[in-house]
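Notes follow once the structure below has been shown.
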Amino acid sequence: MKEPQSQRGFSLIELLIVVAVIGIIAAIAITYILQAKQAAKGASAISSMRVIHSSQTAFRAANGRFGNLTELGNANLVTNTDLVAGRKSGYDFVITPDASDPSQDYVGRATPLDDPNNEWQHYFVDATGVLRFAVGAPANTSSPPIN
């Protein structure tokens with residue numbers, strides 16, 4: 001008579017535990033990935049705002065006034081076509097020369113395109129060159145500066 005062979009394998013409980021652990025690890029990883037993605041987009045926006053300010057300085061020296069993004073692009077001071085179009089790395093960029101005296105000031109804003117929880121940083125720069133930020137709301141002259 002043949003003896004029964006012992007069966008090897010994982011029980012249903014063991015498999016469910018493994019799936020649960022993988023799910024927990026994935027949930028944690030996704031959170032960190034989203035935070036890293038937002039940080040990278042924010043760093044890109046900061047860099048773009050610095051490019052805009054240096055371009056504005058050069059444009060004003062050549063033309064006696066500040067310009068908008070299209071003018072900065074036409075003068076080859078801003079060469080990134082996405083930035084000239086006003087959208088780059090998940091941010092919308094708007095540059096507005098002062099309506100009463102464009103030779104004196106401008107306002108530049110970077111607003112996140114997708115911020116469902118109002119957690120992303122908004123950026124602001126003007127002729128002073130001080131880059132400012134606010135979380136979840138548009139930044140302005142009274143917002144804290146970026147160090």
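Within segment 27-111, the proportion of Cα pairs with more than 19 Å between them is 41 percent.
By a 1.4 Å probe calculation restricted to protein chains, HIS122 has an accessible surface near 20 Å², given to the nearest 10. Based on DSSP H segments of at least four residues, each scored -39500 (n - 2.57), the chain has a per-residue ellipticity at 222 nm of -15000 deg cm²/dmol.
Rounded to the nearest 10 square angstrom, GLU119 shows an accessible area of 120 square angstrom against a 1.4 Å probe. Less than 20 Å from a label point 7 Å out along the Cα-to-Cβ axis of LEU113: which backbone N atoms in segment 83-98 qualify, by residue? The answer is 83-96, whose backbone nitrogens lie closer than 20 Å to the label point.
Between ALA61 and ALA29, what is the FRET efficiency for a Förster distance of 35 Å, r being their Cβ-Cβ separation, to the nearest 0.05?
Once rounded, the FRET efficiency stands at 0.10.
Label-to-label distance, ALA39 versus ALA20, with points set 7 angstrom from Cα along the beta-carbon direction: 3.1 nm. All Cα-Cα separations within segment 1-73 were binned at 5 Å from zero, giving a P(r) of 3, 12, 10, 9, 8, 7, 7, 6, 6, 5, 5, 5, 4, 3, 3, 2, 2, 2, 1, 1, 0, each value a whole percent of the pairs.
ILE17 contributes about 100 Å² of solvent-accessible surface, heavy atoms of the protein only, 1.4 Å probe. Computed over the chain, the convex hull of the alpha-carbon atoms projects to a mean area of 13.9 nm². Inter-label distance, ASP101 to ALA75: 1.9 nm, where each label sits 7 Å from its Cα along the C-beta direction.
Computed across segment 83-147, the Kirkwood radius stands at 12.3 Å (inverse of mean 1/r, all Cα pairs). With a simple spin-label model that places each label point 7 Å from the Cα along the Cα-to-Cβ direction, the separation between ASP82 and THR141 comes to 3.2 nm.
The values are calculated or read from the model by the stated rules, or taken from the named source; none is laboratory data. Note that the structure is a prediction, hence the values are computed from the model and not measured. We place every Cβ from the backbone using ideal geometry, glycine too, and count neighbours over all the protein chains shown. What goes into the accessible areas is simple: the full protein's heavy atoms, side chains included, and nothing from ligands, DNA or RNA. Shrake-Rupley method; radii C 1.70, N 1.55, O 1.52, S 1.80 Å.
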